[in-house]
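See below for the structure under consideration.
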Amino acid sequence: MVAYPTIEKVVQDARQRIQVTDEELDEARKRRSAIASALLAEFPGARAYFNGSIAHGDALTPLTDVDLGVVIPNTDGRYGPGRKGPLELQERAAGAIRDRLSDAYEGLRIEFRDRKRSILVRFRDPIRAGLPDFTADVITAIDNPSAPGLFIPNYTSWDRSHPEAHTRMITEANTRTKTTFARTVRLLKHWNRKNGAPLCTWNIKALALGSVRTESPLISSMRSWFDHSIAALKLGETEDPAGVSDKPIRLNVPRAEAVQRLEKAADKLEKAIAYDLAGFPILARKELADLFNDAEMLAPPSHTELLREGARFHANPPGKPSTRFGAPALVTAASATTLATTAAATPVRSWGAR
């Protein structure tokens with residue numbers, strides 16, 4: 001009899017398929033450093049900070065962008081809310097990047113007018129052949145002299161934020177969980193990307209800061225994230241984990257719809273856990289494949305495998321009947337009908353206790 005992997009092994013393998021490559025990371029860091037050097041030369045006394053997926057350790061392949069900022073000295077208080085806006089600083093930053101990088105990247109294009117927050121650097125030079133163009137989002141910020149954090153652009157005005165604290169919080173979470181945090185976030189970002197992106201990436205991470213707190217199996221940490229996120233979003237939008245931003249993190253869809261999508265995903269994960277614990281690894285893999293919705297990252301079982309295990313499930317269903325955890329859904333209506341009349345449940349217990 002073939003020995004099938006547990007769902008923990010399945011998601012670990014899937015995570016590695018979407019993990020950024022060393023080649024991508026090296027080239028992205030090279031370009032990020034070049035931009036930072038240009039900014040620090042233009043603004044003496046400034047400091048650069050890195051954020052986004054590379055700084056946070058959760059980048060996906062293909063890697064197409066990098067995030068960084070420069071905190072510009074504002075000793076005379078010329079810039080800030082009620083004073084001068086960020087446009088002049090953005091013009092200087094864009095010019096410095098263009099002057100320092102144009103020789104290395106002939107197609108370089110820089111956009112900042114009519115953008116809400118960042119200077120967009122288009123390299124027009126993918127990291128490797130076949131990948132999309134590589135870009136950088138660059139924030140020109142100033143320190144907030146009267147409270148924690150920074151002022152960052154909001155078109156012609158300023159908003160409060162604390163990206164440096166965000167990166168520190170995530171770095172600490174990665175260290176505390178021995179990379180469970182970053183690996184879980186990577187899987188959740190991919191799930192989000194392949195299922196209509198109801199949440200922005202920062203919202204996923206902010207919710208993970210409240211739910212992925214210890215080293216644990218990825219299945220367990222994903223389950224904790226879904227449970228926490230559903231409960232939190234039912235109460236309202238996610239607040240800034242650093243307690244600085246005046247506004248919560250915006251969702252990409254109405255909040256009720258976001259909760260509904262998370263509940264649907266959580267249900268697939270619960271079924272996968274239950275099937276796995278009950279000894280039906282093929283049915284468990286099918287639920288995970290449906291969850292991530294990406295056959296290249298996690299291929300579903302074959303039709304033959306599903307029929308074979310569906311028949312075994314039908315002959316010896318585990319547990320007690322339940323409306324929540326019903327018979328497995330197979331790939332055709334005909335085969336599904338065979339099992340549709342039998343609903344069976346596996347008591348769901350903590351994956352980590354297995």
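Amide H of R47 versus every other amide H placed in the peptide plane: which residues, excluding those fewer than 5 positions away on the same chain, fall under 5 Å?
Distant-sequence amide H within range of R47: V71.
Express in whole angstrom the spacing between the alpha-carbon centres of region 167-242 and region 12-52.
22
Please identify every one of the trypsin sites (Lys or Arg not before Pro) in region 240-312 that sits in a loop by DSSP and has no more than 16 other beta carbons within 10 Å of its own beta carbon.
R250
Subtracting the Cα-Cα distance from 0.36 nm times the residue separation, let me have the gained length for L87 to K234 in nm, one decimal.
Details: separation 147, 0.36 × 147 = 52.92 nm, distance 3.82 nm.
So the chain would gain 49.1 nm between L87 and K234.
From the P(r) of region 213-322, could you give the percentage of C-alpha pairs in the tail past 25 Å?
Everything past 25 Å amounts to 37 percent.
Which helices pass in the chain if a helix is a full DSSP H run, must span at least 15 angstrom along its long axis by Cα, and must have mean Kyte-Doolittle hydropathy not below 0.0?
Span-like helices in the chain: 218-235, 281-292.
Can you pull out the trypsin sites (Lys or Arg not before Pro) in region 88-132 whose DSSP state is coil and whose Cβ has at most 15 other Cβ atoms within 10 Å?
Answer by residue number: R113, R115, K116, R124, R128.
Express in nm, to one decimal, how much length is gained between S102 and D290 on full extension, taking 0.36 nm for each residue of separation and deducting their alpha carbon distance.
Extra length available between S102 and D290 comes to 63.2 nm.
Helix-only mean residue ellipticity at 222 nm, the chain, DSSP H runs n ≥ 4 weighted -39,500 (n - 2.57), per residue, nearest 500. What is it?
It lands at -15000 deg cm²/dmol.
Amide H neighbours of D159 under 5 Å, counting only residues 5+ apart in sequence or on other chains, H built in-plane at 1.01 Å?
Amide H to amide H, under 5 Å and 5 or more residues apart or across chains, D159 pairs with I152, N154.
Taking 0.36 nm per residue of separation and subtracting the Cα-Cα distance, what length does fully extending T64 through A3 add?
Numbers: separation 61, 0.36 × 61 = 21.96 nm, distance 3.80 nm.
So the extension gain works out to 18.2 nm.
Report the local net charge at T175: Lys and Arg +1, Asp and Glu -1, summed over other residues whose C-beta lies under 11 Å from its C-beta.
+1
In the structure shown, do any of K9/K234; K194/K271; K194/K234 have a Cα-Cα gap over 30 Å, and if so which?
From K9/K234; K194/K271; K194/K234, over 30 Å: K9/K234.
Compute the convex hull volume of the Cα atoms of region 1-130, divide it by the residue count, and report the result per residue in Å³ as a whole number. Can you show the working numbers first?
Numbers: hull volume 19.9 nm³, N = 130.
Convex hull of Cα atoms, per residue: 153 Å³.
Computed over the Cα atoms of region 168-252, what is the convex hull's projected area averaged over all directions, in nm²?
5.2
Name the long-range amide H neighbours of D65: under 5 Å, sequence gap of 5 or more, or other chain; modelled H, no Pro or chain starts.
Under 5 Å from the amide H of D65: T135.
Taking only the alpha-carbon atoms of region 114-205, what semi-axes of the equivalent ellipsoid follow from 5 times the gyration tensor eigenvalues under a square root, in whole Å, largest first?
Semi-axes, largest first: 25, 22, 13 Å.
So how far apart, in nm, are the two label points at R176 and E111 if each is 7 Å from Cα heading toward Cβ?
3.8
What list of ³J(HN,Hα) values in whole Hz, one per residue of region 72-83 in order, does the Karplus curve 6.51 cos²θ - 1.76 cosθ + 1.60 (θ = phi - 60°) give from phi, with Gly and Pro shown as x?
Karplus-based 3J(HN,Hα) across region 72-83 equals 9, x, 9, 5, 8, x, 5, 9, x, x, x, 10 Hz.
Once you place label points 7 Å from the Cα toward the Cβ at K264 and R168, how far apart are they in nm?
For the pair K264/R168, the computed spacing is 4.0 nm.
Quote the convex hull volume per residue of the chain, based on C-alpha atoms, as a whole number of Å³.
With only Cα atoms used, the chain gives 156 Å³ per residue.
What distance in nm lies between label points placed 7 Å from Cα along the C-beta direction at R78 and T156?
Between R78 and T156, the label points sit 1.9 nm apart.
For Cα pairs less than 8 Å apart in space and 6+ apart in sequence, what is the mean separation divided by the residue count of the chain, i.e. the relative contact order in percent?
14
Read-outs: derived from the displayed coordinates by stated rules, not from any lab. Please read all numbers here as calculations on a predicted model, not as lab measurements. Cβ sites come from the backbone with ideal geometry, for glycine too, and all protein chains shown count toward neighbours.
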